[in-house]
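One structure is given below, encoded as structure tokens.
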Amino acid sequence: MGDSYRYKPLSYFARVFVMTWAPWSFAAYYSYQPAMELYSNLFALLGLLGPFFAALIMTWSSGSRDLKHDFKARLVDLRLIRPTYLPVILILMPLTLLLSTWLSLEAGRSADQFHFSPGFAAMLPIILLAPTFEELGWRGYGMDSLRAKFGMMKATLLFSLLWATWHVPLFFIDHTYQHGLWNSSPIYVANFFISILPAAILMNWVYYKNNRSIVAAILMHMALDVTAEAFQTEQFTKCIWTGVLLIISILVIAANRAFFFAAGAPVPAPE
């Protein structure tokens, strides 16, 4: 930053966890109470806003005009997105899921997985809102704050751990996707947490290669969530999908070693 702003990742993530886990605790409580679904949903939504609200607090209380301008520019300037990365942003997740589903069919799983999920349309608003509010926080402040302290690869690994931990209360809220995994199999719970690592690697790669465009991160996160919810995909197939994304992540890191492992890489300003 031009005015030498120093990122504060500890303050940011502490705020995120308080502002998310507190309302999600209430959401978990109300989710098991008769006729309290509305309260549970409201607290669940409020917790989802935690990363975004924390980023706003950190940015607008910073006293840094450059930090505020940087946030706005990365949110509204679509020219930051490089056209060559659009296929990766929009198509990578659907293609890899289709490949994973085909592999699962070879293992004897049902072809019904190619059918659309019957509840997808009703869930679409939250599927689109969740990535938006998350990325306004994660890429609006969180990831840059980690990269400024640790460099790209260490920051990505740390972020994936924090991002995974952030989801933990959802396993205790009745009727959530995570709660369904909890009641299904520990293997599928483990797969959920493992899948966050390649997602973090690929989205950080896209984010920084597109001049830290928050919109690029939002679109890729949307593509991930829409793909995961649109089809009647079995959890067995999602385990395969995690493996496919891990392989792609390894290939991306291998092809961009200087980018991921440069010592003390600073957070670049928008071009």
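The values are calculated or read from the model by the stated rules, or taken from the named source; none is laboratory data. All values reported here derive from a predicted model rather than from experimental measurement. Cβ: placed from backbone, ideal geometry, glycine included. Neighbour counts: every protein chain shown. For the accessible areas, the whole protein counts, side chains as well, though only heavy atoms, and no ligand, DNA or RNA atoms are used. Shrake-Rupley method; radii C 1.70, N 1.55, O 1.52, S 1.80 Å.
What helices (runs of 4 or more DSSP H) lie completely within region 150-260 and have 2 or more residues being on the phi < 0 side of the Ramachandran plot, under 18 Å from the mean Cα position of the chain (by Cα) and among the acidic types (D, E)?
Details: elements: 152-166, 177-182, 186-209, 214-230, 235-255.
Ranges flagged: 214-230.
Taking W60, is it open to solvent by 80 Å² or more (accessible area, probe 1.4 Å) and more than 23 Å from W182 (Cα to Cα)? Talk me through it step by step, then tell me what you get.
Working: open to solvent by 80 Å² or more (accessible area, probe 1.4 Å): yes; more than 23 Å from W182 (Cα to Cα): yes.
In short, yes.
To keep it simple, each residue is scored yes or no on (1) open to solvent by 30 Å² or more (accessible area, probe 1.4 Å); (2) part of a loop (DSSP other than H, G, I, E, B); (3) touching a strand residue (DSSP E or B) at 6+ places or on another chain (Cβ under 8 Å); (4) farther than 24 Å from S160 by Cβ.
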| residue | (1), (2), (3), (4) |
| --- | --- |
| S11 | yes, no, no, no |
| A22 | yes, no, no, no |
| F26 | yes, no, no, yes |
| P34 | yes, yes, no, yes |
| D66 | yes, no, no, yes |
| H69 | yes, no, no, yes |
| R74 | no, no, no, no |
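If I filter region 76-111 down to residues being open to solvent by 60 Å² or more (accessible area, probe 1.4 Å) and β-branched (V, I, T), which single residue comes out as nearest to A223 (Cα to Cα)? Please lay out each step first, then the result.
The first filter runs over region 76-111 and keeps only residues open to solvent by 60 Å² or more (accessible area, probe 1.4 Å), leaving 76, 78-79, 82-84, 86-87, 90-91, 95, 98-99, 102-103, 106-109.
Remaining after also requiring β-branched (V, I, T): 76, 84, 91.
Numbers: V76: 20, T84: 17, I91: 8 Å.
Restricting to residues being open to solvent by 60 Å² or more (accessible area, probe 1.4 Å) and β-branched (V, I, T), the top hit is I91.
Considering every residue within region 82-99, establish whether at least one is without any contact (Cβ under 8 Å) to a residue 60 or more places away in the chain and among the charged types (D, E, K, R). Break it down into steps so the answer makes sense when it comes.
Pass one, region 82-99, residues without any contact (Cβ under 8 Å) to a residue 60 or more places away in the chain: 83-84, 86-87, 95, 98.
If we keep only those that are among the charged types (D, E, K, R) too, we end up with none.
No; the residues of region 82-99 include none that is without any contact (Cβ under 8 Å) to a residue 60 or more places away in the chain and among the charged types (D, E, K, R).
Of the numbered conditions (1) among the β-branched types (V, I, T); (2) closer than 25 Å to P23 by Cα; (3) open to solvent by less than 30 Å² (accessible area, probe 1.4 Å), T165 satisfies every one except a single condition; which is it?
(3)
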